[in-house]
Structures are given as structure tokens and as C-alpha cells.
Amino acid sequence: MDEILSQENREYRARTREFAEKVIRPVAAEYDRKQEYPWEIHEALKKAGLTGVWIPKEYGGHGAGLLNLCIVIEELSRACGGIGVAYAVNALGSFPILLAGTEEQKKKYLTPVARGEAMISFGLSERDAGSDAGSLRCSARRDGDHYILNGHKKWNTNGGIATYYTVFCRTDPASKGPRGLSAIVVEKPTPGFSIGKIEDKMGIRCVPVVELEFDNCRVPAANMLGEEGKGFRIAMETLDRARPGVAAQAVGLAQGAMEVAIRHTSERRQFDVQILSFQGIQWMVADMGTQTEAARQLVYTTARAVDAQVKNISKISAMCKVFATDTAMKVTTDAVQLMGGYGFMKDFPAEKYMRDAKITQIYEGTNQVQRIVISRAMIKELGVTV
């Protein structure tokens with residue numbers, strides 16, 4: 001419903017949609033097949049002036065806020081979910097710097113990201129620390145003017161191609177759980193920092209997901225974000241602001257898959273009539289459209305809350321992530337179903353939408369964990385004890 005968007009919102013949507021249709025859609029299947037990062041699209045995004053939408057103007061960005069970022073992610077993902085997340089993870093990686101960085105750190109790291117001259121990634125999860133982020137083991141020991149990092153990170157999106165990494169480590173070896181964690185920016189190349197396993201993924205195949213390895217990696221103490229020991233709070237506040245971006249990716253996937261299915265069923269005939277003319281098919285289309293629009297409005301409401309600096313956004317952020325990503329999985333699966341055997345074939349884009357959608361229910365907090373966040377917030381609001 002573009003009428004309830006601002007003129008600026010509509011302009012970002014129009015610019016990104018035109019870009020996605022002309023630049024991304026023609027090559028999306030090829031990059032998915034090759035599992036290669038789309039450098040040509042990254043360069044095209046720079047030329048189109050679409051990098052750094054979320055970064056404040058004083059650091060070279062647009063200063064356009066989270067809602068416009070979500071609109072851009074949605075439109076990119078409508079053409080390719082992998083490219084959508086390749087773009088969005090730069091926001092995820094830079095949010096810790098926006099939240100806790102010094103002015104010097106913000107100018108140093110955010111300015112090249114805003115210009116598209118550098119990319120930034122986010123290192124939180126480990127092999128044995130996914131949903132339980134407080135159990136991470138990657139360590140950072142103070143040694144004079146440096147920290148020495150040892151350990152690994154798992155599921156690092158944009159790993160290897162990014163220049164900067166916001167890495168969460170345990171700086172207090174005696175601590176347990178969330179206490180004693182800190183956030184540190186690691187730059188590439190730094191001796192002792194290397195890229196480990198490169199994952200072979202079901203979906204979002206054009207964006208690299210890798211392991212990060214740290215072997216006595218010396219990082220300047222000046223790269224610490226905020227106070228030592230405050231890293232868990234920074235990570236959680238980052239994810240509260242980043243989850244609407246994942247939800248926007250999901251909305252774009254649902255919208256793209258739905259459009260493909262509607263066009264296919266309008267063109268294909270069975271029993272001498274359009275498939276789309278059958279009432280049962282129209283009911284499926286109606287449900288797909290209703291669910292997608294409901295998800296979109298929940299995402300936009302959450303983004304507006306972040307832009308308005310509303311406090312305590314964890315519940316609504318989790319809600320938009322859960323609802324939008326579950327919707328994406330359902331709508332993309334229904335799109336494959338509506339296309340029948342064609343939907344199952346890689347010659348057609350429906351199956352790619354479905355593959356790309358699955359990960360949105362998992363990363364940046366599984367939907368099972370998000371439901372715990374939501375229910376706990378609701379119980380607390382009512383003053384009920386469990």
C-alpha cells in the first residue's frame with residue numbers, strides 16, 4: 001500500500017525495484033548455480049547510490065533510517081534472496097558500531113561501508129553457540145595495547161569478502177554465560193585471522209557463509225566497541241534492530257514467489273481453462289497475498305518504531321521476524337505447489353525462492369527462540385509469574 005508510505009519511502013522502493021528488475025533478476029539463477037558472490041551487482045549498487053542507506057549522513061550514508069533500509073532489502077530480495085541478505089548483512093555488521101562505537105571508530109569503519117568501498121560482517125555464532133549466544137568460547141586476552149584472539153566463529157555471512165568483522169569474544173575467562181563478553185572489530189588482513197570452511201548451502205548460494213578462525217590474532221585495543229564486558233548487550237540490541245531486515249528479506253521472497261505463481265497459473269491452461277480461474281486456486285492466491293501484506297505491515301511498523309527510537313523493541317522485533325519468515329516459507333512452498341511439476345524444476349524460479357526462504361526461519365535467532373522472547377515479554381507485561 002504505497003499510499004501510506006512517505007514520498008521518500010516510495011522513491012527508495014521505485015529506485016530499488018527498477019534496479020532489481022534490470023540488474024539482479026536476469027543473473028540471479030546464474031549466481032545461485034555457480035555459488036559465486038555477485039561483485040558486478042555490488043559495483044552496480046554503488047553506482048546507483050544504494051549503499052549506506054541506514055548509515056547517518058555524517059559518516060557518508062543516506063541517514064534514511066531502518067524503514068527505508070527494509071524497503072530496499074525487500075525489493076532486492078523480491079528478485080534474489082541471496083543478494084538481499086548480502087546487502088543486509090552490512091547493516092547487521094555495522095549496527096554494533098552505531099550502537100557502541102566512538103566517533104573515531106564510526107568515521108573509520110562506517111564511512112567506507114557507506115560508500116560501498118568496504119563491507120562489514122558480524123561474528124557471533126560458534127559451532128556450539130548458536131541460539132545460546134552466551135555460551136560462546138572465542139577468547140580475547142588483553143596484552144598491553146592489544147587483545148589476542150583465539151577461537152572460531154561459525155555461519156559468518158559475507159565472510160572472506162568483508163573487510164571488517166564485528167566479533168564477539170569472551171574477555172573474562174572466569175565468566176560464564178552472557179557476562180564477560182565483548183565486541184571487537186577485526187580488520188582483514190590481520191595476522192592470525194583466516195577464513196576456514198566455506199559452506200555449501202541449500203539457499204542464498206550467491207553469498208558466502210564461512211567459518212572464521214583466530215590463532216593468536218593480535219587486534220588493537222582501540223578496536224574494542226564500548227566497554228569491556230558489555231558485548232552481550234550490544235549483540236542483543238543489534239539483533240533487535242537487524243531482525244526487521246531479515247523479515248523484509250522474507251517479505252520480498254514471498255512477494256516474488258507469489259508473483260511468479262500468479263503469472264504461471266494465468267498463462268497455463270488445464271481442462272481448457274486457465275488454472276488461475278479455478279476457485280480453489282484463487283483462494284490460495286488470496287491467502288498468499290493476505291499473509292504477505294500482513295507480514296509487510298508488521299515489518300514496517302517495527303522499522304518505524306526503531307526509527308522513532310522506541311524503547312523495548314525486542315517483542316515486536318521478534319514478532320515481525322517470526323511472522324514474516326514463516327509467511328515466506330508458506331508462500332514460497334505454495335508457489336511451488338501452484339506451478340506443479342514446473343515449480344520443482346530449476347528452470348523456473350519458484351524452487352529458488354523456497355530454498356532461499358528456509359534460512360530466514362533460522363538465522364538471527366531461530367523462530368523457536370523468537371517465540372520464547374515473545375511469550376516472556378507478554379507474560380512480563382501482564383505481571384504473571386511462571
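Observations
- Efficiency of FRET between Lys22 and Glu267 - r from beta-carbon atoms, R0 22 angstrom, step 0.05: 0.45
- In this simple spin-label model, placing a label point 7 Å from the Cα along the Cα-to-Cβ direction at both Met345 and Glu58 gives a separation of 5.7 nm.
- Spacing of the two label points (7 Å from each Cα toward its C-beta) at Ala308 and Thr290, in nm: 2.7 nm
- Exposure proxy shown here: for Glu351, Glu75, the number of other Cβ atoms within 10 Å sets the order, fewest to most, as Glu351, Glu75.
- Prolate/oblate/rounded call for the range 121-229, Cα gyration tensor, a/c under 1.5 rounded: oblate
- Relative packing of peptides 221-228, 276-283 - highest average C-beta neighbours within 10 Å first: 221-228, 276-283
- Gaussian network model of the chain, Cα within-10 Å springs - most flexible of Lys358, Lys315, Lys188: Lys188
- Between the C-alpha center of the range 265-306 and that of the range 335-363 there is a gap of 15 Å.
- In this structure, Lys176 and Arg371 have a Cβ-Cβ separation that, at R0 = 25 Å, corresponds to a calculated FRET efficiency of about 0.45.
- Listed pairs Lys315/Lys380; Lys46/Lys153; Lys188/Lys358; Lys154/Lys197; Lys57/Lys107; Lys106/Lys321 exceeding 19 Å between Cα atoms: Lys46/Lys153; Lys188/Lys358; Lys106/Lys321
- Cβ-to-Cβ counts within 10 Å put Asp2, Asp272 in ascending order as Asp272, Asp2, the fewest first.
- Peptide packing: for 361-370, 318-327, 153-162, the average count of neighbouring Cβ atoms within 10 Å per residue gives the ranking 318-327, 153-162, 361-370, highest mean first.
- Relative contact order computed over the range 144-242 (Cα-Cα under 8 Å; 6+ residues apart), in percent: 41 percent
- Residues considered: Gly49, Gly144, Gly93. Largest GNM mean-square fluctuation over the chain, using C-alpha springs under 10 Å, is found at Gly144.
- Three-way shape label, the range 108-158, alpha-carbon gyration tensor, a/c 1.5: oblate
- Global form of the range 2-118, assessed from the alpha-carbon gyration tensor, a/c cut-off 1.5: oblate
- Dipole magnitude (debye, nearest 20) for the chain, charges at Cβ of Lys, Arg, Asp, Glu: 500 debye
- When each of Trp54, Trp39 is scored by the number of other beta-carbon atoms lying within 10 Å, the sequence from fewest to most is Trp39, Trp54.
- Between Gln282 and Ser131, the C-beta separation translates, for a Förster distance of 51 Å, into a calculated FRET efficiency of about 0.80.
- About its Cα centre, the dipole of the range 232-381 is roughly 520 debye, where the only charges are +1 on Lys and Arg Cβ and -1 on Asp and Glu Cβ.
- Leading residue at positive end of dipole, the range 2-118 (Cβ point charges), from Trp54, Ala118, Leu99: Ala118
- Distance between the range 171-240 and the range 59-127 - C-alpha centres, whole angstrom: 16 Å
- Residue separation of Met1 and Ile198 scaled by 0.36 nm, minus their Cα-Cα distance, works out to 66.9 nm of gained length.
- Relative to the Cα centre, the charge distribution of the range 1-156, modelled as +1 at Lys and Arg Cβ and -1 at Asp and Glu Cβ, gives a dipole magnitude of about 240 debye.
- Sorted peptide list for 29-36, 16-23, criterion being average Cβ within 10 angstrom, highest first: 16-23, 29-36
- The chain: relative contact order as a whole-number percent, Cα under 8 Å and 6+ apart: 17 percent
- GNM remark for the chain: springs join alpha carbons under 10 Å apart, and the peak mean-square fluctuation among Glu213, Glu58, Glu74 falls on Glu58.
Every number here is computed from the coordinates shown, using simple stated rules; none is lab data. Because the structure is a prediction, the values reported are computed rather than measured. With ideal geometry, Cβ positions are generated from the backbone for all residues, glycine too; neighbour counts draw on all protein chains shown.
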